[in-house]
Ligand SMILES: Nc1ncnc2c1ncn2[C@@H]1O[C@H](COP(=O)(O)OP(=O)(O)O)[C@@H](O)[C@H]1O
Ligand SMILES: [Mg+2]
């Protein structure tokens with residue numbers, strides 16, 4: 001398989017508003033390799049979620065190509081997209097989106113593909129994320145940080161190639177937000193995955209490998225703090 005686990009090429013996306021159209025993504029390209037954690041920063045309304053939705057095959061671009069694991073999936077059918085999302089992509093959202101009546105172990109078990117049971121062990125993942133003691137707890141019994149780490153574990157349970165995180169620190173305080181991003185980074189490195197996090201939280205950018213700014217529909221590489 002290609003080492004470029006995620007590739008977006010010349011993605012354009014506009015929304016119609018009243019009389020005309022508003023360009024949100026204007027020929028945006030991004031490649032994320034194995035073991036790489038990329039961040040995209042930009043203010044609210046700049047198109048971060050739109051970008052992530054295109055990468056996650058939840059939204060079809062007006063033009064451009066999306067490749068997952070080296071395969072062009074731009075024209076995949078609806079059922080193929082669903083399959084790719086389930087097997088090759090892991091999503092982490094601003095809110096943990098846990099099921100209220102399931103324990104942590106069951107949150108993972110219910111989404112785990114049968115074929116993955118040997119490959120990724122729930123116990124091992126919970127231990128790596130330091131939430132072993134949450135195994136039998138319901139979301140109402142956990143802190144915000146523990147819930148988000150459960151959601152991170154869930155994103156990794158099917159051994160996806162690509163992790164997509166939309167503002168994963170937004171509902172957490174600074175310390176817990178940082179810990180959550182550290183956990184994503186550790187899993188990306190350990191499991192050799194590609195990850196993209198969109199965020200307006202600039203305090204966690206030292207934890208990622210590469211930073212881009214989304215501005216005026218364009219994606220611009222940004223020097224990380226301490227670098228020129
Ligand atoms: N389905 C839609 N229809 C029309 N406009 C939309 C739609 N989704 C998002 N937008 C607009 O596109 C812009 C970018 O949105 P979004 O990608 O959610 O930005 P961000 O995640 O950076 O806050 C915003 O101005 C938003 O109002
Ligand atoms: Mg958003």
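Values in this text are rule-based calculations from the coordinates and carry no lab data. Keep in mind it's a predicted model, so treat the numbers as computed, not measured. Note: ideal-geometry Cβ built from the backbone for every residue, glycine included; neighbour counts use all protein chains shown.
In terms of surrounding Cβ atoms within a 10 Å radius of their Cβ, 24, 163 rank from fewest to most as 24, 163.
Taking 0.36 nm per residue of separation and subtracting the Cα-Cα distance, what length does fully extending residue 79 through residue 34 add? Intermediate values should be presented prior to the final figure.
Working: separation 45, 0.36 × 45 = 16.20 nm, distance 2.60 nm.
This chain segment gains 13.6 nm when fully extended.
Classify the chain: rounded, prolate or oblate, from the alpha-carbon gyration tensor (a ≥ b ≥ c, eigenvalue square roots; a/c under 1.5 rounded; otherwise prolate if a/b is larger than b/c)? Taking the square roots of the gyration eigenvalues as a ≥ b ≥ c, the chain is prolate. To the nearest 10 degrees, how steeply does helix 174-191 sit against the main Cα axis of the chain, on a 0 to 90 scale? Roughly 90 degrees, rounded to the nearest 10. Compared with the direct C-alpha span, the chain from residue 130 to residue 22 gains 34.5 nm at full extension, assuming 0.36 nm per residue.
How high is the relative contact order of region 1-116, in percent, with contacts defined as C-alpha pairs under 8 Å that are six or more residues apart?
27 percent
Rounded to the nearest 500, the helix-only mean residue ellipticity at 222 nm of the chain stands at -8500 deg cm²/dmol, with each DSSP H run of n ≥ 4 adding -39,500 (n - 2.57). Remark: 75, 209 ranked as 75, 209, counting other beta-carbon atoms within 10 Å and listing the fewest first. Counted by neighbouring Cβ atoms within 10 Å, the residues 2, 143 run from fewest to most as 143, 2. Relative contact order of the chain, taken over Cα pairs closer than 8 Å and 6 or more residues apart, is 30 percent. Residue separation of residue 14 and residue 200 scaled by 0.36 nm, minus their Cα-Cα distance, works out to 64.8 nm of gained length. Computed from Cα atoms, the angle from the helix 78-88 axis to the main principal axis of the chain rounds to 50 degrees.
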